[in-house]
Amino acid sequence: MAKYIFVAGGVMSGIGKGVATASIGRILKSKGFGVTAIKIDPYINVDAGTMNPIEHGEVFVTEDGLECDQDIGNYERFLEENIYTDNYMTTGKVYQTVINRERNLEYNGRCVEVVPDIPNEVIATIKRAGKKVKADFVLIEIGGTVGEYQNMLFLEAARMLKISHPKDVLFILVSYMPVPAIIGEMKTKPTQYAVRTLNSAGIQPDMILARSVLALDEPRKRKLSISSNVLPEDIISAPDVTSIYEVPINFEKENLGNRILKKFGLKARASDLKKWENFVKIIKNSPEPVEIGIVGKYFESGKFTLTDSYISVLEAVKHACFAQHRKPKITWISAEEFEKNPATLKKLKNFDGIIVPGGFGNRGIEGKIKAIGYCRKNKIPFLGLCLGMQLSVIEFARNVCGLKDATSAEFKENSDNMVIDVMEDQKMLLEEKRYGGTMRLGSYSCELKPKTISLKAYGTPEITERHRHRYELNNSYRSILEKKGMVIAGVNPQKDLVEIIEIRDHPFFVATQFHPEFKSRPLNPHPLFKEFIKAAIKK
Ligand code: GLN
């Protein structure tokens with residue numbers, strides 16, 4: 001029987017609950033247990049695919065093609081395991097399942113109610129996800145903050161699971177302790193209230209992870225312990241870190257793993273975090289920078305620059321840089337800037353490498369195309385991802401092949417040169433406005449051509465990569481593109497879709513229709529990112 005650990009958040013969002021959950025998983029895995037992690041998002045969207053990345057952050061894609069929250073990416077990176085569809089739940093998805101089952105008469109004619117039928121469905125999904133991978137521990141992160149109306153049914157599911165399996169369920173509260181500048185002291189009161197709120201949902205936390213800018217000191221630990229009914233040794237200090245990859249190590253210093261085992265009545269075990277510790281040592285001892293520019297459009301939010309929309313790209317760059325013992329220095333460049341003032345393109349010269357990541361819709365595309373052209377002509381190492389690949393083809397078609405009106409069906413309804421076109425099986429879906437979960441999603445295979453940078457990077461001609469797109473390179477333009485120096489480096493053999501393009505006589509110009517960033521792991525960086533960073537260092 002698996003053990004279930006629920007992780008809920010107190011005080012406010014954005015304090016690293018996902019990384020905390022992933023880190024707990026890493027620790028338990030390093031003690032030799034089988035671990036899986038589930039994310040619950042309390043909104044009505046059935047999946048994350050229909051959400052604006054500026055608002056919600058990156059849409060992560062699993063091997064089996066689910067569009068989900070970026071925290072699933074954290075789990076995959078920290079656990080070094082693939083996570084599948086059952087490990088992601090939203091309110092919309094749970095209700096949809098229950099309603100479908102009701103329509104199929106699966107409730108045998110009885111009245112189907114919000115409670116207990118919705119929490120029961122949540123519990124069934126959690127159990128199924130654990131069973132599927134034979135996990136010893138199933139971590140369940142409940143999105144949002146305790147006290148919100150939205151996540152109540154999920155807390156209710158957690159409470160109900162505890163009643164039926166009292167020895168197999170643990171509750172961890174990740175909460176925030178502010179240090180207001182005017183007071184100059186860490187305050188525990190908001191967390192005390194968060195514990196009370198959790199209590200009012202019928203849940204007593206077994207442990208508290210105390211997030212703050214600073215480490216938690218003894219007086220405040222004591223205070224929190226008394227007010228929240230949690231032993232001082234079960235209140236784990238979780239101060240801000242320079243790298244998220246330090247978190248499992250910091251938690252282990254506080255003996256988190258064995259405290260969890262003890263609560264479940266299991267014997268203490270040593271953890272093997274040696275490789276992870278070495279990795280963190282490299283992060284801390286790699287002062288020489290590699291300057292990477294990311295030309296995108298999903299990071300401007302009022303006066304703030306948010307980078308969550310591109311988190312897997314960012315992490316993949318980091319992994320590849322650390323593998324070369326270099327410090328990643330990343331600059332976010334607004335594509336629209338190049339449209340307003342093309343003279344600013346010159347600044348791209350200051351970077352060792354440029355990435356144009358994925359995206360949707362018209363905004364900023366002409367700026368991105370200009371940036372791509374600049375990298376091509378000035379031999380700046382370039383990596384294009386999904387939309388970045390499509391725009392690379394458009395740029396090349398316009399400026400090298402002379403097809404001035406080359407474009408994508410995503411941007412324009414009519415053009416004589418639709419070099420990027422809508423995929424055949426997508427046409428009907430778009431006409432019927434069936435947008436949710438219908439793109440080309442998840443893992444597909446790709447065959448690499450000899451004598452390409454890509455083949456050299458992967459070291460094998462047969463690969464699989466994850467996708468999320470509706471448009472593709474129009475095969476009728478392949479020969480003209482190739483004639484002019486574009487290399488079709490990777491093709492999906494089943495449907496003859498172009499998956500990778502390269503440009504001849506360029507130190508590194510590689511663009512992929514898929515999203516390699518989803519498969520990069522801290523201790524096992526993605527081969528294309530690795531080659532890209534090597535080329536950037538050479539520059
Ligand atoms: N908008 C493009 C498409 O749907 C690219 C998608 C992406 O970058 N993920 O094909």
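The values are calculated or read from the model by the stated rules, or taken from the named source; none is laboratory data. Worth saying up front: this structure is predicted, and the values here are computed from it rather than measured. Note: ideal-geometry Cβ built from the backbone for every residue, glycine included; neighbour counts use all protein chains shown.
Grab the helices (runs of 4 or more DSSP H) fully contained in the stretch 185-293, keeping just those with 3 or more residues being modelled with pLDDT of 95 or more and under 17 Å from residue 27 (Cα atoms). Before you say what the answer is, go through the steps one by one.
Values: elements: 189-200, 218-228, 247-253, 256-263, 274-284.
Ranges flagged: 247-253, 256-263, 274-284.
The conditions are (1) in a loop (DSSP other than H, G, I, E, B); (2) hydroxyl-bearing (Ser, Thr, Tyr); (3) more than 24 Å from the chain's Cα centre (by Cα), and residue 95 fails exactly one of them. Which is it? The single condition residue 95 does not satisfy is (1). How many residues does the stretch 312-329 contain that are within 17 Å of residue 359 (Cβ to Cβ) and surrounded by fewer than 24 Cβ atoms within 10 Å (Cβ to Cβ)? Qualifying residue count for the region: 1.
Identify all residues within the stretch 447-476 that are within 16 Å of the ligand (Cβ to nearest atom) and either touching a helix residue (DSSP H, G or I) at 6+ places or on another chain (Cβ under 8 Å) or in contact (Cβ under 8 Å) with a residue 24 or more places away in the chain (or both); write none if there are none. Don't jump to the end; show me each part of the working.
Quick first cut of the stretch 447-476, residues within 16 Å of the ligand (Cβ to nearest atom) only: 465-475.
Once the filter is applied, which keeps residues that are within 16 Å of the ligand (Cβ to nearest atom) and either touching a helix residue (DSSP H, G or I) at 6+ places or on another chain (Cβ under 8 Å) or in contact (Cβ under 8 Å) with a residue 24 or more places away in the chain (or both), the stretch 447-476 yields 465, 466, 467, 468, 469, 470, 471, 472, 473, 474.
Scanning the stretch 294-315 for residues that are assigned to a loop (DSSP other than H, G, I, E, B) and either of a type in the set (A, V, I, L, M, F, W, C) or at negative phi (or both) returns 297, 298, 299, 303, 306, 307.
Please go through the stretch 519-537 and pick out each residue that is basic (Lys, Arg) and within 19 Å of residue 455 (Cβ to Cβ).
If the condition is that a residue be basic (Lys, Arg) and within 19 Å of residue 455 (Cβ to Cβ), then 519, 530, 534 are the ones that fit.
For the stretch 358-371, the criterion of a residue being away from the ligand (no atom under 15 Å from the Cβ), among the aliphatic types (A, V, I, L, M) and not in a helix (DSSP H, G or I) is satisfied by no position.
Could you look through the stretch 375-390, keep only residues that are more than 9 Å from the ligand (Cβ to nearest atom) and crowded, with 24+ Cβ neighbours inside 10 Å, and pick out the one that is farthest from residue 537 (Cα to Cα)? Only one residue fits best here, namely 384.
Taking residue 318, is it at pLDDT 95 or above, part of a helix (DSSP H, G or I), within 12 Å of the ligand (Cβ to nearest atom) and charged (D, E, K, R)?
Working: at pLDDT 95 or above: yes; part of a helix (DSSP H, G or I): yes; within 12 Å of the ligand (Cβ to nearest atom): no; charged (D, E, K, R): yes.
Criteria not met by residue 318.
For the stretch 401-414, taking the residues that are in a loop (DSSP other than H, G, I, E, B), within 16 Å of the ligand (Cβ to nearest atom) and surrounded by 11 or more Cβ atoms within 10 Å (Cβ to Cβ), the one that is nearest to the chain's Cα centre (by Cα) is identified as 410.
Screening residue 427 on (1) of a type in the set (D, E, K, R); (2) surrounded by fewer than 16 Cβ atoms within 10 Å (Cβ to Cβ); (3) within 15 Å of the ligand (Cβ to nearest atom); (4) closer than 30 Å to residue 520 by Cα shows it passes everything except condition (4).
Each residue in the stretch 364-392 was checked for being under 26 Å from residue 54 (Cα atoms) and either touching a helix residue (DSSP H, G or I) at 6+ places or on another chain (Cβ under 7 Å) or of a type in the set (Gly, Ala, Ser) (or both), and 16 pass.
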